[in-house]
Amino acid sequence: MTILSGASPSPAGPSPAGPWAAAGPLRMTPGRWLALAIGVPVALALIGWAGFGLVASVARGSYPFSFGVPVQQGQVALNVNQGNITLHPGAATSSARLTGTVQYGLSRPGISEWGGPGGFTVGLNCAGVSTGNCGMNASLDVPPRTGVMLNSNGGDISASGFASGTQLTAEGGNITASNLSGNVYLDSGGGDVNAEGLTGTLHADAEGGNITASNWTTTGTMRADTGGGDFSGEGLTGDLQLSTMGGNVLAYGVTSAVTSVQSGGGDVSLTFSQAPQNLQITAQGGNVIINLPPGSTTYNIYTPDTQGGNVSFPSSLASASSHNTITIDSGGGDIIIDQS
């Protein structure tokens, strides 16, 4: 056997003497020139926009404002097209005053005010502000014994301590109200309504939002319409007219001689602290639970359309000759009437 020393020659021939190198400069074809003409401006624009967005995300500016709002015939009527408003009882002056701060990003929006048939209007021009934030937070100080009509056009509204009638319209914002009396109308336009300590003629409309009611008192009829949201209440005194259009109803401490509830499919649970004289509920498929106060009062109980739902109540509560009537149309939901 013969052993050869050293590496055998490659079948493919000798290896290159050095690393691979291009044969020459890259030839610019019309297609490559077109790609450069389109790609370079686009790349520069993307880089510039990314840098602008970064600056806009951290840029913040603000400035204060103050406007006198006229009082006409004992009432302030104010429309604000952007921002959140808090109402405060103010000093005994001839006009109300709106003060606050405008917040913005890179572009400073203008703010203006003008009067018209619909009241006094404060407008914040955010039309040209495409980045950053644009809005305001403001306080409205109202003289004593002055009614208020306020439209926030989407911002949140807070109000407390007014006794001459209050009409608040948020058009999508939330409304928080306390200790209001007189003719009280609250319309969130889709936001939530949270109100306590209301006295007088009361009407709350959430148009899809939830309503939370605490210690409402009226000598007439209080109305609440959620438009699909839930209603929860405690301490409701006076006749009650309630519609949820699919939302649930939960209320305690109800002192209403006349109560009308339409849930549109939501569940209804009512606890009365005083025997109702006329209770009418239409649930359209929701379950109904009624808790009546203790005592010897009997009720003429009528359940015309259960559509298969179960009905349960003690026989001692029922009397066909009673002037206290309970009519419940569950539309398929269960009905439970009890006493505690």
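So here's what we get for this one:
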{"read-out": "Theoretical FRET efficiency, 1/(1+(r/R0)^6), r = Cβ-Cβ of Asp305 and Asn183, R0 35 Å, to 0.05", "value": "0.45"}
{"read-out": "Amide H contacts of Val311 (H built 1.01 Å from N, under 5 Å, at least 5 apart or other chain)", "value": "Ile335"}
{"read-out": "Three-way shape call for segment 61-135 based on the alpha-carbon gyration tensor, with the a/c threshold at 1.5", "value": "prolate"}
{"read-out": "Set of segment 79-97 residues, backbone N closer than 18 Å to the point 7 Å along the Cα-Cβ line of Ser160", "value": "84-91"}
{"read-out": "Backbone HN-Hα couplings from phi across segment 237-242 [Karplus 6.51/-1.76/1.60, Hz, Gly and Pro as x]", "value": "10, x, 4, 10, 10, 10"}
{"read-out": "Projected-area average for segment 97-186 over all orientations - Cα convex hull basis, square nanometres", "value": "6.4 nm²"}
{"read-out": "Values of log10 I(q)/I(0), in the order q = 0.10, 0.18 Å⁻¹, for segment 215-332 under a Debye, Cα-only, solvent-free model", "value": "-0.27, -0.89"}
{"read-out": "Packing rank of 267-275, 304-312, 91-99, where each peptide gets the mean count of other beta carbons within 10 Å, highest leading", "value": "267-275, 91-99, 304-312"}
{"read-out": "Projected label distance in nm at Ile336 and Thr298, using a 7 Å step from Cα toward the beta-carbon", "value": "2.5 nm"}
{"read-out": "Cβ-derived FRET efficiency at R0 25 Å, Thr99 paired with Thr219, nearest 0.05", "value": "0.10"}
{"read-out": "Gain in span if fully extended, His323 to Glu234, counting 0.36 nm per residue against the direct Cα distance", "value": "29.4 nm"}
{"read-out": "Part-to-part distance (alpha-carbon centres) for segment 212-291 and segment 144-181, which is given in Å", "value": "23 Å"}
{"read-out": "By average C-beta atoms within 10 angstrom, highest first, the peptides 317-326, 75-84", "value": "75-84, 317-326"}
{"read-out": "Volume per residue of the C-alpha convex hull in segment 159-260, rounded to whole Å³", "value": "63 Å³"}
{"read-out": "Distance in nm between pseudo-label sites at Asn133 and Tyr63 (7 Å out along the Cβ direction from Cα)", "value": "1.9 nm"}
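We did not get these values from a lab; they are worked out from the coordinates using the rules stated. Owing to the predicted nature of the structure, the values given are computational and were not obtained by experimental measurement. Counting neighbours? That spans all protein chains shown, and the Cβs are built from the backbone with ideal geometry, glycine included.
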